[in-house]
1. May I ask which residue of B:Ala242, B:Gly175, B:Leu262 lies farthest towards the positive end of the charge dipole of the range B:148-264, with charges of +1 (Lys, Arg) and -1 (Asp, Glu) on Cβ and the Cα centre as origin?
2. Test of understanding: in a Gaussian network model of chain B with alpha carbons linked when under 10 Å, which of B:His119, B:His380, B:His301 would top the mean-square fluctuation ranking?
3. How crowded by other chains is B:384-392, given as the mean number of beta carbons from other chains within 10 Å of each beta carbon?
4. Suppose we keep just the DSSP beta bridges with both residues in the range B:66-207; what percent of those would be antiparallel, to 5?
5. What angle, in degrees between 0 and 90 and rounded to the nearest 10, separates the Cα long axis of helix B:180-189 from the longest principal axis of the Cα atoms of chain B?
6. Could you give the dipole magnitude of the protein assembly as shown about its Cα centre, charging the beta-carbon of Lys and Arg +1 and that of Asp and Glu -1, in debye to the nearest 20?
7. What aspartates and glutamates sit close enough to B:Lys412 to cross-link, taking a C-alpha to C-alpha distance under 18 Å and skipping anything fewer than 8 places away on the same chain?
8. Run through the DSSP bridge list for chain B and note the antiparallel percent, rounded to the nearest 5.
Amino acid sequence: MDLYAEHILEHFRSPRRKSLLPHPTVEREEVNASCGDTLTLQLSFKKDTVSSVGWDGTGCAVSQAGMSMLAETLTGKTLAELETMQPKDMRIILGVPISARRLKCALLPLLALRNALRQQKKEPPLTWAEIVEEDEERETVELIRESRKGKGKHSVPFETWAKNR
Amino acid sequence: MPLNLTEVRTQFPFLREKGIVYLDSAASAQKPEAVITAMDVFLREDFSNVHRGMYPRSERATKAYEDARETMQHFFGAAHSDEIVFTKNATEAINLVARSWGKSTLKKNDVVVLSILEHHSNIVPWLQLKEQIGIELQWVKIDEQGQWDMDHLKSILKTHRVKLVTVTGQSNVTGVRPPLKEIIEESHNTGALVCIDAAQLAAHHPIDVVQLDCDFLAITGHKIYGPTGVGVLYGKRKLLAAMPPFLGGGMMIREVKKSGFLPADAPEKFEAGTPPIVEAVGLAAAIHWLGQYSWNDIEEHESRLLKVAHETLEDISGLHILGHIEEKTNNQQLTTMNLSSGCLSFTIDGIHPHDLCDLLGEENICLRAGHHCAQPLHDHLGIAASARLSFGIYTTEEEVQMVGPAIVRAMKRLQGESNSRVTE
């Protein structure tokens with residue numbers, strides 16, 4: 001399946017929950033400065049549970065469809081459940097392969113969510129480096145893993161590497 | 001005689017990748033065999049550190065490095081080879097001007113003029129000086145047609161507080177070329193120096209620093225078919241002589257005592273540490289290689305490419321080319337006049353440039369998306385990002401013509417057939 005699968009494009013063209021709430025409990029804006037994607041995520045809570053979700057934003061199909069799909073899953077979840085959401089969960093929600101160059105687009109909705117929760121608890125926001133580091137499937141991790149297993153480019157004898165290059 | 005493109009293209013190994021349409025030469029140009037070979041041969045046969053060893057191989061390396069300096073001197077038409085400083089890239093060259101000349105010369109409330117067209121590398125070093133010593137920055141506007149506003153510069157110069165005008169020779173987004181000769185004359189008339197960011201210009205237009213009379217000029221090697229890791233700062237001999245060193249270390253000193261040091265003369269004064277020797281050799285090879293073609297032929301070829309690009313893009317509905325002139329001719333046909341070079345950028349209503357370029361990338365058509373390190377210009381134009389198409393000497397009309405239909409396919413895919421406002 002490719003990045004621009006029909007479900008991604010469908011959410012991009014008709015985003016869900018894309019309107020702002022009158023009285024959100026918490027609101028968080030995140031931007032992807034390198035490409036100009038912006039997301040504002042709003043959450044309302046009843047006790048520890050999300051009662052309503054709203055968002056607004058502009059940007060590429062991946063970030064906007066991702067926010068739409070993530071927003072659909074949030075109502076009824078508890079704070080504790082949402083705090084444990086990882087990049088791998090965002091990858092599952094998106095359901096398409098995410099290459100290194102689109103990783104930030106894909107993780108922007110999750111960053112907005114996690115930082116909304118941290119803001120609510122008066123904790124400092126996660127940085128891009130921190131959220132990317134949580135992503136066990138990113139390509140650099142794969143490279144490190146390969147090289148530890150002895151399959152990496154730099155773990156073979158130089159002569160073999162040079163010959164196969 | 002027009003460029004023999006077949007002959008040009010056989011010299012670029014990257015073109016052996018089947019089906020690649022590389023339209024991102026403004027980010028970095030691909031390298032001809034001549035450059036790759038020169039660096040390979042130098043590393044095998046002549047490499048050692050420069051200016052140090054008393055043995056023949058070191059002498060050969062030193063000679064190759066200093067020959068590269070002379071090559072750059074002739075490329076710019078500079079009067080002296082010691083006016084050529086090797087740096088890491090154009091960014092470092094401009095930082096050198098800001099940190100050395102700027103920091104030692106400028107005082108609080110002195111004005112440095114730049115333009116809204118600048119790349120971040122010609123903005124941030126000056127913003128840093130604004131933070132550090134309180135200089136004032138003035139931004140020359142562009143007019144509605146994206147062109148340099150000379151009257152605005154003149155009105156700023158009238159304040160007589162301007163110490164430096166620092167401007168791009170060619171925008172890396174719109175390809176617009178500010179009128180350098182006129183800018184330099186006007187600035188000098190009020191006593192201001194001029195620094196040119198020629199990172200983009202150098203690959204597309206001849207530069208003569210004596211004829212221009214610019215005070216500083218910066219380029220990077222990798223955009224002019226040379227390797228990464230090497231750039232050049234040209235500075236007038238008198239100015240370089242009066243400037244303090246930039247970085248401290250080996251090579252840049254005459255004498256070091258525990259109590260202090262005496263710097264070397266320019267250019268060594270600005271080349272601390274082991275310089276980019278292999279890269280300088282590669283850059284010189286690129287300049288010699290480029291020298292076999294006439295600038296007239298290159299410019300003619302690239303202006304034809306730009307015309308083809310306009311033709312292939314202007315019929316796509318919802319597509320806006322940034323900073324270009326639209327004129328109705330007598331028969332009321334919309335034509336685009338071309339006062340730019342090397343590249344053009346555009347937006348498409350409702351489509352993010354990253355999505356567009358990702359889909360073009362699937363077809364192996366390589367365009368760049370983003371703000372191209374020119375955020376103030378994008379802010380000025382009221383957009384977050386754009387897609388850019390840029391050329392090199394190896395680019396063909398057929399490659400440029402492929403972009404239009406590929407964009408239409410990408411738009412259909414993103415917008416859906418039914419929503420599509422595309423007219424083919």
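1. It is B:Leu262.
2. Highest fluctuation among the options: B:His380.
3. Per residue, the number of nearby Cβ atoms from other chains is 2 on average.
4. 5 percent
5. The angle comes out near 50 degrees.
6. 1840 debye
7. Output for B:Lys412: A:Asp2, A:Glu6, A:Glu10, B:Glu314, B:Asp315, B:Asp349, B:Asp355, B:Asp358, B:Glu362, B:Glu363, B:Glu424.
8. 60 percent
FYI, it's all coordinate maths here, none of it is from the lab. Everything numeric in this text was worked out from a predicted model, so none of it was measured. Glycine gets a Cβ as well: all are built from the backbone with ideal geometry, and neighbour counts include every protein chain shown.
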